[in-house]
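The values are calculated or read from the model by the stated rules, or taken from the named source; none is laboratory data. Predicted, not measured: the structure shown is a model, and the values here were computed from it. When we count neighbours, we look across all protein chains shown, and the Cβ atoms used for this are built from the backbone with ideal geometry, even at glycine. Just the protein is used for accessible areas: all its heavy atoms, side chains included, with ligands, DNA and RNA removed. Shrake-Rupley method; radii C 1.70, N 1.55, O 1.52, S 1.80 Å.
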Amino acid sequence: MGKTKELSQDLRVRIVDLHKAGMGYKKISKVLDVKVTTIGAIIRKFKEYNMTINRPRPGAPKRISPRGVAMMLRTVRNRPATTRQELANDLKAAETTVCKETIGNTLRNNGFTSCSARKVPLLKRAHVEACLKYANDHLKDEPSYWEKVLWSDETKIELFGLNSTRHVWRKKNAAYDPKNTVPTVKHGGGSIMFWGCFSAKVTGLLHRITGKMDGAMYRTILRDNLLPSARDLKMGRGWVFQHDNDPKHTAKATKDWLKKNHIKVMEWPSQSPDLNPIENLWRELKVRVAKRQPSNLHDLERICKEEWAKIPPGVCAKLVVNYNKRLTAVLANKGFATKY
C-alpha cells in the first residue's frame, strides 16, 4: 500500500482545537472527513510531544556506508580513470552490493563528475622542470616585453575537420535529411599544413607548406614570410622571435641564418604548446573556416588565408596582454599542462 498524503498544518491544529473543546474522535472524524485512526494518531502526538507537525523522517538508509564512500573517494582521487564497475567490485569484496547508478550518484553528490580526459603532450621530468624555469624567469616581465614577441608555429587544417562534429537542430526521424547531415569522404578529404605568425598588434603572413618541410624549406619560409611580417607589423628594434624546438628550428644552419639576420630567438621549453598563444589563434581559424564549409583543398587554402587576415587585432592583443596568466597557471600546476 502506498503512502497517504500528509494532513496540512492547519487541519492538524483544527483537530487538536476540537479535541480540546471536548469533541470525541468519531465526531471530529465526521466533521473534518478524516479517518478516526488518523485523528487518534494526531492527538496522541500532541499529548506526547505537544506538537502538531511531523518530526523529520530519516528516509531510506544509505546503501553505501560512510566507510565505503570514503574508500570510493580515495580510489578515484588516486586513480581518476577507475570505472564504476571496478568500484562496484571493490564494494562487493567489502560485502556491499550496489548498482553502478548508485555509485555514480554517490560520486556526483561528493563533487565528482564523469568527463572526457583532456589530451596533453607526454611530459618527462626535464620538460616539467623546463616549463617551471621558463615561467619563473618571465613571470615578472612587463606587458611591453610580450608586445615585442613575434609568435610562430605550424598547424594542419583538415578539409572536413571541425565540420565532422557539427551539431544540428532537427525533428524526430529527420536524421538523414541532407540539411541535417555532414558530407564526409574517405581519409578526411585531405589537409593542408600552414606556417603562421602573429604579434600583439595583428596576425602576420600565413604560408602554405607544400610537401615535407626540411631545414632548407623552413629557412626559405622565414626569409619570405617572417622578415616581411616583422616589417609589416612594425616590430621595431629589439623584437624577439618565438618558435619551438623542432629539429628544423634548432638546426645549426637555421641558427646561423637567424644570427646572420640579427634575429633574437626566445629560449623555449619543449613540449609546451599551452605556453604558445598562437595555439588559440589556430583554434579560432579552424572554427571560422569550418563555418564557411570549403569543398576542396583549393577553397580551403583560400578561405584559411582570408579568415586568418580577418582575425580582429583585439583577439591578438588579448592573448598577449593576458600572457602572465599562462605563466601563473604553469606554476600553480607545478609545470604540468594547463587549460591554455
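For this structure, a couple of remarks:
- Once the stretch 4-40 is narrowed to residues that are assigned to a helix (DSSP H, G or I) and among the small types (G, A, S), the residue that is most open to solvent (accessible area, probe 1.4 Å) is S29.
- Residues satisfying the stated conditions in the stretch 254-267, i.e. touching a residue at least 24 places away in the same chain (Cβ under 8 Å), part of a loop (DSSP other than H, G, I, E, B) and open to solvent by 100 Å² or more (accessible area, probe 1.4 Å): E267
- Residues that are modelled with pLDDT of 70 or more and not in a strand (DSSP E or B), drawn from the stretch 178-203: P178, G190, S199, A200, K201, V202
- Any pair with Cβ under 6 angstrom, 6 or more apart, that starts in the stretch 121-141 at a residue that is closer than 11 Å to L331 by Cβ and ends at one that is of a type in the set (G, A, S): C131/S272; C131/G335; L132/G335
- Pairs with Cβ under 8 Å, 6+ apart, first in the stretch 18-47 and charged (D, E, K, R), second not in a helix (DSSP H, G or I): K45/M51; K45/T52
- Being of a type in the set (D, E, K, R) and closer than 26 Å to A337 by Cα holds for only one residue in K318, K260, K252, and it is K318.
- Whenever a residue of the stretch 296-308 is touching a residue at least 60 places away in the same chain (Cβ under 8 Å), its partners that are loosely packed, with under 13 Cβ neighbours inside 10 Å, lying with C-beta atoms within less than 7 angstrom and at least six residues away or across chains, give the pairs L297/G190.
- Taken together, A309, A329, A251 contain a single residue that is of a type outside the set (K, R) and exposed (fewer than 14 other Cβ atoms within 10 Å of the Cβ), which is A309.
- Matching residues in the stretch 106-125 - criterion: being surrounded by 10 or more Cβ atoms within 10 Å (Cβ to Cβ) and closer than 17 Å to E279 by Cβ: V120, P121, L123
- Against the list (1) in contact with a Leu (Cβ under 9 Å, 6 or more places away or on another chain); (2) over 18 Å from D153 (Cβ atoms); (3) not in a helix (DSSP H, G or I), the condition G238 fails is (1).
- Boolean, D256 is out of contact with any strand residue (DSSP E or B) (no Cβ under 7 Å at 6 or more places or on another chain) and under 22 Å from P228 (Cβ atoms): yes
- Filtered by the rule that a residue be under 20 Å from S116 (Cβ atoms), of a type in the set (S, T, N, Q) and surrounded by 14 or more Cβ atoms within 10 Å (Cβ to Cβ), the stretch 76-97 gives a lone residue, T82.
- Search result, residues across the stretch 285-296 that are surrounded by fewer than 16 Cβ atoms within 10 Å (Cβ to Cβ) and part of a helix (DSSP H, G or I): V287, K291, R292
- Within the stretch 204-235, the set of residues being assigned to a loop (DSSP other than H, G, I, E, B) and in contact (Cβ under 8 Å) with a residue 24 or more places away in the chain comprises M213, D214, L233, K234, M235.
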